[in-house]
1. Please work out the Kirkwood hydrodynamic radius for segment 297-383, using every pair of different C-alpha atoms, and report it in angstroms with one decimal place.
2. Relative contact order for segment 346-419: what is it in percent, counting Cα pairs under 8 Å that are at least 6 residues apart?
3. If I take the Cα coordinates of the chain and project them onto the principal axes, what are the three extents in Å, biggest first?
4. Among DSSP beta bridges whose residues both lie in the chain, state the antiparallel percentage, nearest 5.
5. Determine the per residue accessible area of the chain with all protein chains present and a 1.4 angstrom probe, expressed in square angstrom.
6. Looking at the chain as a GNM with Cα springs under 10 Å, which of LEU36, LEU126, LEU335 has the largest mean-square fluctuation?
7. Among DSSP beta bridges whose residues both lie in segment 332-419, state the antiparallel percentage, nearest 5.
8. Given points 7 Å out from each Cα along the Cα-Cβ axis, report the THR389 to ARG410 separation in nanometres with one decimal.
Amino acid sequence: MSNPSYRITGGKALHGRVRIGGSKNGADYAIAAALLTADDVVLHNVPDILDVRQMGEILAHLGGKVERFGPSSVRINCAGVAAWDVPASMVVRLRASFLVMGPLLARFGRASCPPPGGDAIGIRPLDVHLAGFRVLGADVTQSGDIFDVHKEGPLRAGRVVLDYPSVMGTLNVMLAATLADGETTIINAASEPEIADLATMLNAMGARISGAGTHTVRIDGVRELHGCEHRIIADRLEAGTFALAAAITGGEVELEEAVPEHLDALIWKMSEAGAEVETTDAGLRVRGRSGYRAVNAQALPYPGLATDLQPQLAAFLTQATGTSTIHERVFDNRLLYVTELRKMGADVLATGQTAIITGPTKLRGVPVRALDVRAGSACVLAALVAEGTTEISDVHHLDRAHEELDGKLRALGASIERT
Ligand code: EPU
């Protein structure tokens, strides 16, 4: 694989408008859901990024057809699905790959998949998914590294209590239960907006789901699902990253299509720090300034502050006066960015799951690595205000989640090139 990098020369305030693309994770979930029907599923606002392409390749491996058309649309047909196993080579980089399990189990009664890869951000167990499949009547076995799920006849509905409100655990059970016999209830479900968006899509396919987006989801099983056309919601994590980019540079940026209510926790913290964030007809406008205040924050399941935004918030807080703390409560290894920000001169320490950031510090351009997608975004934000040129290597991690990150930043006035 090529190893692209970004060269960013700091010191330019960002100004203008940027269009926020469709949700990376939401698109992956919708592509997996297309496995539930033999009809065409047409998705709009699908970002053209590595993760989404890889999810499409997994469906194609199983026998589905996935075709991109227009600026951001995808047509999927899973009438020809004739395989139920996903090889390790396809899942190693893509966490969302494990989401094919629920739909395959529901429609074909079997599925097998090795533990998925994804960012090295902590222990990422699957017990919540597997316990849910068992409640729905499936046999779950593990041979070597491969998980197999199997059920003769339709799944049976049940009451599934999640030990932890896992996002993909909730989704896998919800997807499987759409075709189960009877009404399934998921207690302690995750409530992320992408879950509600997927339920909207599934209901358009004929499913009967209520409560998605809250901690109790009810799924009244139906015999079969049909095709649909669905538009993926805006990526709240891309929006949050651009909001912080505008703020850290002291610029003013309007985020078109951002959904403010998906970003409440971030907006709250940014406002506490002194940034001006307001809702507009098009989305959200962020007006930065100098002289931010330190704040304390915790990354939590939604509607708390997204763990996927805490590294970027930490980069922003290097420019705030005083000592900020950010406590990561979702994953157990998500402070990797600390070493990279320190190389740039940031006064930031990791103790346990807490980052302690004292500012403001003058950051300087040095070589750093994008250790995972969000750690890489934190480096980009820091580089935008660093003195001199920062070279960020391993930006293939950023390509997984960001469509045209360098192009969008350049259009806002940043000095960034891809090498
Ligand atoms: N967990 C369990 N048991 C399980 C599953 C999860 O204990 O069976 C724990 C994990 O150990 C972790 C916590 O639950 O501590 C959260 O994990 P969750 O299952 O909610 O995360 P995920 O579904 O694997 C998705 C996104 C992540 C995002 C998290 C949290 C995808 C592909 N990934 O992961 O996105 O951080 O939800 O919102 O949708 C990213 O986009 O950069 C990213 C990592």
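The values are calculated or read from the model by the stated rules, or taken from the named source; none is laboratory data. This one's a predicted model, so the numbers in the text were calculated from it and none came from an experiment. Cβ coordinates were reconstructed from backbone atoms using ideal geometry, including for glycine residues, and neighbour counts include every protein chain displayed. With ligands, DNA and RNA removed, areas are computed over all heavy atoms of the protein, side chains included. Shrake-Rupley method; radii C 1.70, N 1.55, O 1.52, S 1.80 Å.
1. Values: mean 1/r = 0.0801 Å⁻¹.
Across segment 297-383, the inverse of the average 1/r is 12.5 Å.
2. Numbers: 90 pairs, mean separation 18.4, N = 74.
Contact order relative to length: 25 percent.
3. Reported extents, whole Å, longest axis first: 63, 43, 42.
4. Details: 55 of 81 bridges.
Rounded to the nearest five, the antiparallel share is 70 percent.
5. Details: 15560 Å² over 419 residues.
So the chain comes to 37 Å² accessible per residue, rounded to a whole number.
6. LEU126
7. Details: 5 of 9 bridges.
In segment 332-419, DSSP labels about 55 percent of beta bridges as antiparallel.
8. For the pair THR389/ARG410, the computed spacing is 1.5 nm.
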